[in-house]
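The values are calculated or read from the model by the stated rules, or taken from the named source; none is laboratory data. All of these numbers come straight from a predicted model, not from anything done at the bench. Using ideal geometry, Cβ is built from the backbone for each residue, glycine included, and neighbour counts are taken over all protein chains shown. The area values use the complete protein model at the heavy-atom level, side chains included, leaving out ligands, DNA and RNA. Shrake-Rupley method; radii C 1.70, N 1.55, O 1.52, S 1.80 Å.
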Amino acid sequence: ADVLAGRWDGAEVAAFRVNWADVVQRVRLWTGRIGRIVRRDAAFEAEILGLQAALNATIGRVYSRFCDADLGDARCQADLDVAGRRAVGTVTAAAGALVQVAGLGGLDPAQLARGQARILTGAAAGESRTILSARLAGAGLTLDLHRPLAIAPAPGDSLRVTVGCDKTLETCRQRFANALNFQGFPH
């Protein structure tokens, strides 16, 4: 369950040559980090990234008409604690990538696309997924997540939902009144 939830992503891995007659005598052969983990049948396959993997990271900015900041981060500075941008609800049902939630009455389902759903309590606590779409369903909302949660939330678990951003200047200006902090290059 921890592997499926991504809790081992980025974990450090070290290989040693050990004298089994005296385990204090050992030599570190290499170190790395766990990268992508793929599930195949009943087993997992983990990619081990060496020290040189850090050299492949993108440094600097990509010039695009779209914003490259994450909604609400230090560069974006959009206040997500304003009413209608973030709410905590209760999971009523979950099946695959669909999660039904009650208690999110203050959020507009049309603004949840590209938003985040994060489980706060229960066995799936800490798991987060991007929301593809949301629609009204009875007294609550049905969230269609980008991919299923590794550990399905149980009815009664708390879930925090944050509105999404399509990273355009128009949305930044109209939805968040944050055009001064827009991190794209629309012109």
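Observations on the structure shown:
- Within region 116-132, backbone nitrogen closer than 19 Å to the virtual label 7 Å beyond the Cα of HIS146 toward Cβ: 116-120, 125-132
- Seen from GLY10, the other residues with C-beta closer than 15 Å to its C-beta sum to a net charge of -1, counting Lys and Arg as +1 and Asp and Glu as -1.
- Among 79-86, 49-56, 138-145, sorting by the average number of other beta carbon atoms lying within 10 angstrom of each residue, highest first, gives 138-145, 79-86, 49-56.
- The accessible surface of region 1-123, taken with every protein chain in place and a 1.4 Å probe, is 53 percent carbon and sulfur.
- The slack in the chain from THR58 to ALA46, taken as 0.36 nm per residue of separation less the alpha-carbon distance, amounts to 2.1 nm.
- The modelled label-to-label distance for the pair ARG39/ALA139, using points 7 Å beyond Cα in the direction of Cβ, is 3.2 nm.
- The calculated FRET efficiency for the pair ALA154 and ALA21, based on their C-beta separation and a Förster distance of 35 Å, comes to about 0.10.
- Solvent-free Debye scattering, log10 I(q)/I(0), computed from the Cα coordinates of region 1-104 at q = 0.10, 0.11, 0.17 Å⁻¹: -0.63, -0.73, -1.13
- Here is the P(r) of the chain: all C-alpha pair distances, binned every 10 Å from 0, give 8, 26, 27, 23, 9, 5, 1 in whole percents.
- Efficiency of FRET from Cβ geometry, TRP8 and ARG75, R₀ 25 Å, rounded to 0.05: 0.30
- Projected label distance in nm at LEU29 and VAL82, using a 7 Å step from Cα toward the beta-carbon: 5.6
- When the chain is treated as a Gaussian network with alpha carbon springs shorter than 10 Å, the biggest mean-square fluctuation among GLU45, GLU170, GLU127 belongs to GLU45.
- Å² per residue, accessible surface of the chain at 1.4 Å: 63
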